1. Looking at the range 22-34, can you tell me whether even one residue there is in the same structural domain as Gly136 (by TED's automatic domain parsing) and not in a loop (DSSP other than H, G, I, E, B)?
2. Considering the range 46-103 alone, what residues qualify as being closer than 29 Å to Thr4 by Cα, surrounded by fewer than 11 Cβ atoms within 10 Å (Cβ to Cβ) and hydroxyl-bearing (Ser, Thr, Tyr)?
3. Within the range 149-161, can one find any residue that is more than 27 Å from Lys120 (Cβ to Cβ) and out of contact with any His (no Cβ under 8 Å at 6 or more places or on another chain)?
4. Which numbered condition in (1) out of contact with any Asp or Glu (no Cβ under 8 Å at 6 or more places or on another chain); (2) surrounded by 10 or more Cβ atoms within 10 Å (Cβ to Cβ); (3) closer than 23 Å to Leu148 by Cα; (4) of a type outside the set (Ser, Thr, Tyr) is the only one that Ile29 fails?
5. Would you please name the residue that is nearest to Leu125 (Cα to Cα), looking only at residues in the range 92-106 that are part of a helix (DSSP H, G or I) and not small (Gly, Ala, Ser)?
Amino acid sequence: MRATWKGSITFGLVSIPIKLYNARITREISFHMLHASDGGRIRLRRVCEKCGKEVGRDEIVKGYEISKNEYVILTEEDFEKIPLKSAKAIGIHQFFDPSELNIIYYGSFYYVAPDKGGEKAYSLLTKAMEETNSVGMGKIGMRGKEYLVAIRPFNGGMALAQLYYVDEVRSPAEIPGWGAKAEFTEQELELAKQLVLAMKRPLRLEDYRDEYKEALMQLIEAKLAGREVKVVEEVEAAKSLLDALKASLESVKQE
């Protein structure tokens, strides 16, 4: 398995050589864009809007717009001059309690594995974080950007989560209707609580599967075989919230 990033974790004067591996496996069904009339592939091309010519990757530079059609041009050599300590080392700046970090700040996840010679320090840090219920906060340089990261013990090893910076997370107050309050009866609340408790059980993620992807593959196979695709009938909605709660609770009890 190929590592996504190779470097080290540092805390205090301790340095641990590590490798990062993507924790997510992509199992999406991919499609090509085709011309509806003749089935030809549609290709996305890079075209200069000034001269109209198609350009290759080696002819493209990055420009930061400072005013209308006026740019500061940056080359790959310019980017390499940026002093980024986190490009090769994840410096842990502090440890904190897991409950202090809101779920909204979590992004992509990676598994952290020790590189050659780092096994002892890796194991020591993992154990120390486990026994103190701590998460490490640091930074990592990847793909031309410096990310905020959280490192924590996970299943006998360590996991790293890319985090969003505070200014990258939209305030929920900007969302229309956020926090809206509505009146409901005590009976509705009691039924809702009963329904929640009736549906509450130990979480088993392995019980869940991507039913849309399965249906999509069935659709593709049916079209390939020339079969008719069955249309799923819609479930009739309850007349009122109270009726919906009662019907839902009764349905759960019968399972």
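1. yes
2. If the condition is that a residue be closer than 29 Å to Thr4 by Cα, surrounded by fewer than 11 Cβ atoms within 10 Å (Cβ to Cβ) and hydroxyl-bearing (Ser, Thr, Tyr), then Tyr64, Thr75, Ser99 are the ones that fit.
3. Taking every residue of the range 149-161 in turn, none turns out to be more than 27 Å from Lys120 (Cβ to Cβ) and out of contact with any His (no Cβ under 8 Å at 6 or more places or on another chain).
4. Exception for Ile29: condition (3).
5. Pro98
The values are calculated or read from the model by the stated rules, or taken from the named source; none is laboratory data. If you're wondering where the values come from, they're calculated on a predicted model, not measured in any experiment. Backbone-built Cβ (ideal geometry, glycine too); neighbour counts: all protein chains shown.
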